[in-house]
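Data first, discussion second: the structure below is written as structure tokens.
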Amino acid sequence: MAYWLAKSEPSVYSWDNLVKDKNTVWDGVRNYAARNNLKAMKKGDEVFFYHSNEGMEIVGIAKVSKEFYKDPTSDDDAWVVVELKPFKKLKKSVPLEVIKKDKRLANMALVRLGRLSVQPVTEEECKIIMELAGE
């Protein structure tokens with residue numbers, strides 16, 4: 001299993017929306033690196049759900065429920081989507097400022113590549129995030 005992080009502005013689509021919907025299509029990604037990360041996701045992989053711009057914190061964990069296919073919101077075959085379902089709300093959210101202050105996470109993509117909307121998370125980073133979340 002691999003670990004990922006996906007960003008969404010809570011005013012556009014929040015963790016609560018995902019829980020209510022029970023499953024969602026992760027569409028609209030228009031960055032090649034993020035697209036390649038979507039293509040690398042496998043069913044059952046865990047995805048940290050990150051509220052961007054407002055809140056700026058990891059709030060829950062989703063799972064990949066369907067692997068990539070063509071993005072129905074684009075006429076260009078280059079763009080893909082995956083489907084995500086909620087897995088677990090974190091006991092406590094993990095704010096970006098906490099992540100940036102933790103030297104163990106200095107190489108995390110969230111710290112180094114702040115604008116990338118879909119990014120890999122290493123197993124070690126996952127363990128540290130879970131520790132910070134009180135899990």
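The values are calculated or read from the model by the stated rules, or taken from the named source; none is laboratory data. What you see is a predicted model, and the numbers here were worked out from it, not measured in a lab. Cβ atoms come from the backbone with ideal geometry, glycine included; neighbour counts cover every protein chain shown.
Of these, V29, V25, V81, V12, which one is free of Cβ contacts under 8 Å to residues at least 40 places away in the same chain and aliphatic (A, V, I, L, M)?
Of the residues listed, the single one that is free of Cβ contacts under 8 Å to residues at least 40 places away in the same chain and aliphatic (A, V, I, L, M) is V12.
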Would you call M41 in contact (Cβ under 8 Å) with a residue 24 or more places away in the chain, loosely packed, with under 13 Cβ neighbours inside 10 Å and in contact with an Asp or Glu (Cβ under 7 Å, 6 or more places away or on another chain)?
-> no
Per-region count, segment 74-133, residues closer than 21 Å to N37 by Cα and not hydrophobic (A, V, I, L, M, F, W, C) = 19
Selected residue [within 20 Å of M1 (Cα to Cα), among the acidic types (D, E) and loosely packed, with under 14 Cβ neighbours inside 10 Å] from E131, E97 = E131
Lone qualifier among K100, K42, K63 - being at pLDDT 95 or above and over 14 Å from the mean Cα position of the chain (by Cα) | K100
Somewhere in segment 67-86, is a residue surrounded by fewer than 20 Cβ atoms within 10 Å (Cβ to Cβ) and under 24 Å from G134 (Cα atoms)?
-> yes
For segment 1-18, how many residues are of a type in the set (S, T, N, Q) and within 12 Å of the chain's Cα centre (by Cα)?
-> 2
